[in-house]
Amino acid sequence: MRLVFLGPPGSGKGTGAALVSKRLGVPHLSTGDVLREEIRAGTELGLRVKGIVGGGGLVPDEIVNRMVFDRIGDAEAGFILDGYPRNVTQARDLDLFLGERALTAVVHLEVPDEEVERRLAGRLVCEGCGRIFNAGHFPPGTSPEACLECGGRLCHREDDSPEKVRRRLQLYHHETKPLLDYYSGRLVEVDGVGSIEQVAEGIMRSLSQ
Ligand code: ADP
């Protein structure tokens, strides 16, 4: 299976892609995760993109294209791309790279802007294990300071501030949404509003149709 997950920031692309990856045994590649890892490790690439990612901008196409193509290689095991492509140029470059190994489907997770803003304002990421929580969903009596899984410190992502979320949403509407037309024949629509389990079921159902 060669899948692309498309949707606004905070739509649950990463969560959905990870679940589908586990269920179908297809490798998951998140360009955002790779970029954040490069930044954390202080590599040359990380230093180059730090300001762009932290500010909610888009990293130049040639950098993300190279990152993705190097990792999917001959694509024999298939892949689930999450956060890529993010504009029509990247989508064309991906099609050229894949040639006859065309995409199986493009999953579009639809979530309204207000819901995105609400989710990202409460999103907390564990510095230790990377698990994601929401400040609004903590069990009664617990405080959203330590990870429920490993006890690590929970932090807000630098690009989750309200101002940067607005910028990311603007970029999504201008740059990424045109991909819905580009991929019109290969699109699978999924309602991204609901519990993680409901959304995951929605994705699995639509992929089996
Ligand atoms: P989200 O989808 O919630 O915005 P991601 O983790 O997918 O978060 O991406 C985080 C950031 O990484 C983006 O705001 C952008 O700066 C950079 N990035 C990720 N993927 C791409 C891409 N395909 N093209 C350009 N920049 C990207």
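The values are calculated or read from the model by the stated rules, or taken from the named source; none is laboratory data. Treat the numbers as computed from the prediction; the structure is a model and nothing was measured. Neighbour counts run over all protein chains shown; Cβ positions are idealised from the backbone, glycine included. Side chains are part of the model used for accessible areas, which takes the heavy atoms of the whole protein and leaves out ligands, DNA and RNA. Shrake-Rupley method; radii C 1.70, N 1.55, O 1.52, S 1.80 Å.
So here's what we get for this one:
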| item | result |
| --- | --- |
| Filter result for the condition that a residue is more than 16 Å from D160 (Cβ to Cβ) and not basic (K, R), over V53, V26 | V26 |
| Odd one out for L58 among (1) open to solvent by less than 40 Å² (accessible area, probe 1.4 Å); (2) within 16 Å of the chain's Cα centre (by Cα); (3) at pLDDT 95 or above | (1) |
| Test: R36 is assigned to a helix (DSSP H, G or I), at pLDDT below 95, open to solvent by 60 Å² or more (accessible area, probe 1.4 Å) and out of contact with any Gly (no Cβ under 8 Å at 6 or more places or on another chain) | yes |
| Residues located in the range 52-88, provided they are farther than 21 Å from V20 by Cα, within 10 Å of the ligand (Cβ to nearest atom) and not in a loop (DSSP other than H, G, I, E, B) | I52, V53, G54, D61, I63, V64, N65, M67 |
| Unique match (being in contact with a helix residue (DSSP H, G or I) (Cβ under 9 Å, 6 or more places away or on another chain) and within 20 Å of V193 (Cα to Cα)) among F138, F97, F133 | F133 |
| Pairs where the first residue, in the range 53-73, is among the basic types (K, R) and the second is more than 7 Å from the ligand (Cβ to nearest atom), C-beta under 9 Å, 6+ apart | R71/P27; R71/L29; R71/V34; R71/F79 |
